[in-house]
Amino acid sequence: MSNQKEGQDQVFGYQLLLDLYGCKEGVCDDLSLCYRFLDEIVEELGMEKQAPPNIFRSDETRFPDKAGLSGWVPLIESSTVIHTLSSKNFMTIDIYCCKNFDLQKAKDVCRRFFAPAKVDEQYIERGADYYKSDSSYHTVMVTGGATDSPEVVLSKK
């Protein structure tokens, strides 16, 4: 199932943001499971890794409210990122890819690995003007430094 609609203008990239609440007990602190997730979701979605996943554990003594894992896998097409908060059985997952991918499959893989009670999602199409030869976007340049009334210059690209 493609996330681009028929006849839709091409965009540069696609980003799926997932918030997983009430994940299965222990998964948010399971280093090998989260590593395997990052490694396998890439293949399941037909993406290509630039390097193996990297994953880190937060120092729960220094940052007790942030105890959990953070990891990412760099892709030829962009990246997949995961952050967990172990005490709340909560995690966020960001999948950003410069090629179309199956949104439903991505959500299914996340559910299979982490068994959340609830999933909130956001979907963003990035770079709407990237492939246009005559775009209507503007550059905003603020000049004047530390003055109270900076000068704003709009210029069409």
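The values are calculated or read from the model by the stated rules, or taken from the named source; none is laboratory data. Just so it is clear, the model here is predicted, and its values are computed rather than measured. Note that we place each Cβ from the backbone using ideal geometry, even for glycine, and neighbour counts take in every protein chain shown.
Does residue 149 satisfy the criteria of being touching an Asp or Glu at 6+ places or on another chain (Cβ under 7 Å), at pLDDT below 95, more than 26 Å from residue 52 (Cβ to Cβ) and loosely packed, with under 14 Cβ neighbours inside 10 Å? No: the conditions fail for residue 149.
Just one of 68, 46, 26, 127 is in contact with a helix residue (DSSP H, G or I) (Cβ under 8 Å, 6 or more places away or on another chain) and at positive phi; which is it?
Numbers: 46 fails: in contact with a helix residue (DSSP H, G or I) (Cβ under 8 Å, 6 or more places away or on another chain); 26 fails: in contact with a helix residue (DSSP H, G or I) (Cβ under 8 Å, 6 or more places away or on another chain); 127 fails: in contact with a helix residue (DSSP H, G or I) (Cβ under 8 Å, 6 or more places away or on another chain).
Only one candidate passes the filter, namely 68.
Within the span defined as segment 22-34, one or more residues are among the hydrophobic types (A, V, I, L, M, F, W, C), surrounded by 18 or more Cβ atoms within 10 Å (Cβ to Cβ) and closer than 20 Å to residue 97 by Cβ. Listed by position, the strands (runs of 3 or more DSSP E) enclosed by segment 16-116 that each have at least 3 residues that are in contact with a strand residue (DSSP E or B) (Cβ under 6 Å, 6 or more places away or on another chain) and under 27 Å from residue 128 (Cβ atoms) are 78-85, 90-97. Consider segment 115-127 and keep the residues that are hydrophobic (A, V, I, L, M, F, W, C) and under 17 Å from the mean Cα position of the chain (by Cα). The one that is surrounded by the fewest Cβ atoms within 10 Å (Cβ to Cβ) is 124.
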